[in-house]
Amino acid sequence: MLRKGVHNKYLLLNKPYDVVSQFSGEKEEKTLAAMGLPEDVWPVGRLDKRSEGLLILTSDRLWRHQIMSPESHKSKIYWALVDGQPSSIELETLRAGPELRGKKTRACEARLLAEDEVHSKIMNMYTSGVPVRERKNIPTTWLEIILQEGKNHQVRHMTAAIGHPTLRLLRVGYGLFKPTDLLPGQWRPLTIQEIVRLGQSISPQ
């Protein structure tokens, strides 16, 4: 919660491809330290090194814990480029929540995306030249997947479970919050209205 006299930071970063979601890493790894972020902020969840898109950071540890808690039911929206073209039955399996490592995942939303919808957004917001495996005579398909939980590499494991490995992964939104104003590597403070939209309670400043 934002409290009078307490000046926490709430930031939004468009994390580029090939950057780890932490401020230190292995030798020669690109990290958040190169993004010019202020001190004393921590990621709210993570995106793996090969994934791109929206990453919230904050100095408010309590708020960070609340947002990351499974009980918060904060939906996260991903666009995944997958190998092949999932059938309607495979999409239903994905929506029902496939079993991963012996544990059932929660039901999710999943739909096919139109090429023009994807390319207009990727050209404006996401890293160009990302290496994607191509196979002759095997199509690729963009899916929108909306999760209510956040296990490690969950989207990648879920699409692999239905036989369509993820080739590229973008996080494009949280619930109704789908900003489109940041280029790869850019960040900005969240507005009070955006924090409210993310489920934050605001006290008068």
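We did not get these values from a lab; they are worked out from the coordinates using the rules stated. In this text, all values refer to a predicted model and were calculated from it rather than measured experimentally. Cβ coordinates were reconstructed from backbone atoms using ideal geometry, including for glycine residues, and neighbour counts include every protein chain displayed.
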(message) Taking θ = phi - 60°, what integer Hz values does the Karplus form 6.51 cos²θ - 1.76 cosθ + 1.60 yield along segment 103-112, in sequence order, with x for Gly and Pro?
(response) 10, 6, 8, 5, 4, 9, 9, 8, 8, 6
(message) Please list 3J(HN,Hα) in residue order for segment 74-83, calculated via the Karplus relation 6.51 cos²θ - 1.76 cosθ + 1.60 where θ = phi - 60°; whole Hz, with x for glycine and proline.
(response) 7, 7, 10, 9, 10, 10, 10, 8, 10, 6
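Mind checking the dipole of the chain: about its Cα centre, +1 per Lys or Arg Cβ, -1 per Asp or Glu Cβ, Debye to the nearest 20?
Approximately 460 debye in magnitude.
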(request) Collect residues whose amide H, placed 1.01 Å from N in the peptide plane, falls under 5 Å from the amide H of residue 42; neighbours closer than 5 in sequence don't count. (result) 58, 59
(request) State, to one decimal in nm, how far the label point of residue 40 lies from the label point of residue 180, with both points 7 Å from Cα in the Cβ direction. (result) 3.7
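Per-residue ellipticity at 222 nm for the chain, helices alone: DSSP H runs ≥ 4 residues times -39500 (n - 2.57), over residue total, nearest 500 deg cm²/dmol?
So the helix-based figure for the chain works out to -5500 deg cm²/dmol.
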(request) Report, in order of residue number, the helices in the chain meeting two criteria: a C-alpha extent of 30 Å or more along the helix axis, and a mean Kyte-Doolittle hydropathy of at least -0.5; treat each whole DSSP H run as one helix. (result) none
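In what sequence do 23, 177 fall when counting other Cβ within 10 Å, fewest first? Provide the component values of the computation, followed by the final result.
Details: 23 15, 177 20.
By the 10 Å Cβ count, ascending, the order reads 23, 177.
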(message) Give me the extension gain from residue 29 to residue 101: residue separation times 0.36 nm, minus the current Cα-Cα distance, reported in nm with one decimal.
(response) 23.0 nm
(message) List the residues, sorted by chain then number, that are 5 or more residues from residue 22 or on another chain and whose placed amide H is less than 5 Å from its amide H.
(response) 32
(request) Please arrange 158, 125 by counting, for each residue, the other beta carbons lying within 10 Å of its beta carbon, fewest first. (result) 125, 158
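For the chain, calculate the relative contact order in percent as a whole number, restricting contacts to Cα pairs under 8 Å that are 6 or more residues apart.
Relative CO of the chain lands at 32 percent.
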(request) Any of 30/151; 15/178; 74/178; 76/178 with alpha carbons more than 19 Å apart? Name them for me. (result) 30/151
(message) Can you compute 3J(HN,Hα) from phi for each residue in segment 179-186, using the Karplus curve 6.51 cos²θ - 1.76 cosθ + 1.60 with θ = phi - 60°, rounded to whole Hz and x for Gly and Pro?
(response) x, 9, 10, 10, 7, x, x, 8
(message) How would 127, 31 line up from fewest to most surrounding beta-carbon atoms within 10 angstrom?
(response) 31, 127
(request) With all distinct Cα pairs included, what does the Kirkwood hydrodynamic radius of the chain come out to in Å, to one decimal, could you say? (result) 18.0
(message) 5 Å is the cut-off here: which amide hydrogens, built 1.01 Å from N in the peptide plane, fall below it relative to residue 17, excluding neighbours closer than 5 in sequence?
(response) 127
